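*Asks:* Mind looking over this structure? Questions follow.
Derivation of every value follows stated rules applied to the coordinates shown; laboratory data play no part. Since we're looking at a predicted model, the values are computed, not measured. Note: ideal-geometry Cβ built from the backbone for every residue, glycine included; neighbour counts use all protein chains shown.
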């Protein structure tokens, strides 16, 4: 029997925010383990659980990750000819490094997964373009579980893909080797600021009956 009401579950979902400013308060190991446990119960293709979670507490490691992102931003900016485009790029990419202020950063790694059906389709050339997103969907579902469990525990998070601008450098620092792939960073900590709820489209705008 599920002991949480639909209303309570929806309340956790609605109260979640993308947090970009964190208090320096330490996050207990038990909270992090609870967040990872929630992630581990996400659905995945053929229950392969094709993910890994790297918990980064070390300020030195976080600083090296930040420097890798900053170096990449600077290198890319040097190759942007338009002054306006360069300003826009450097301004927006400044949001790629705030994870350094969180007490904990969880790096989410996607491991290879290929469904049996897709392997057969490719082997026998049964489709002109056999495209599958199954490999990323499990880890993505795991991230969502992480965000919701963190919210339920009074912690703030943010699903970050911007830092992947320096993906290869981050993977080297974190010890992630191909065919594994870093797909997100999730900073975790006590929120220093809680943003106002963002506007959501009415569900009628995003659904249709058939």
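*Asks:* Using the per-residue mean of other Cβ atoms lying within 10 Å as a proxy for protection, in what order, highest first, do the peptides 11-19, 61-69 fall?
*Replies:* In decreasing order of mean packing, 11-19, 61-69 become 61-69, 11-19.
*Asks:* Ok, one more. Neighbour counts of other C-beta atoms within 10 Å: give me 205, 52, 33, 173 arranged from fewest to most. Before the final figure, lay out each step's value.
*Replies:* Working: 205 8, 52 15, 33 11, 173 18.
In order of increasing Cβ crowding within 10 Å: 205, 33, 52, 173.
*Asks:* Shape call for segment 24-189 from the C-alpha gyration tensor, a ≥ b ≥ c root eigenvalues: rounded (a/c under 1.5), prolate (a/b greater than b/c) or oblate?
*Replies:* Oblate.
*Asks:* Right, next: Only helical DSSP H runs with n ≥ 4 go in: add -39500 (n - 2.57) per run for the chain, normalise by residue count and round the 222 nm mean residue ellipticity to 500 deg cm²/dmol.
*Replies:* Working: 7 runs with 88 residues, N = 210.
Counting only the DSSP helices, I get -13000 deg cm²/dmol.
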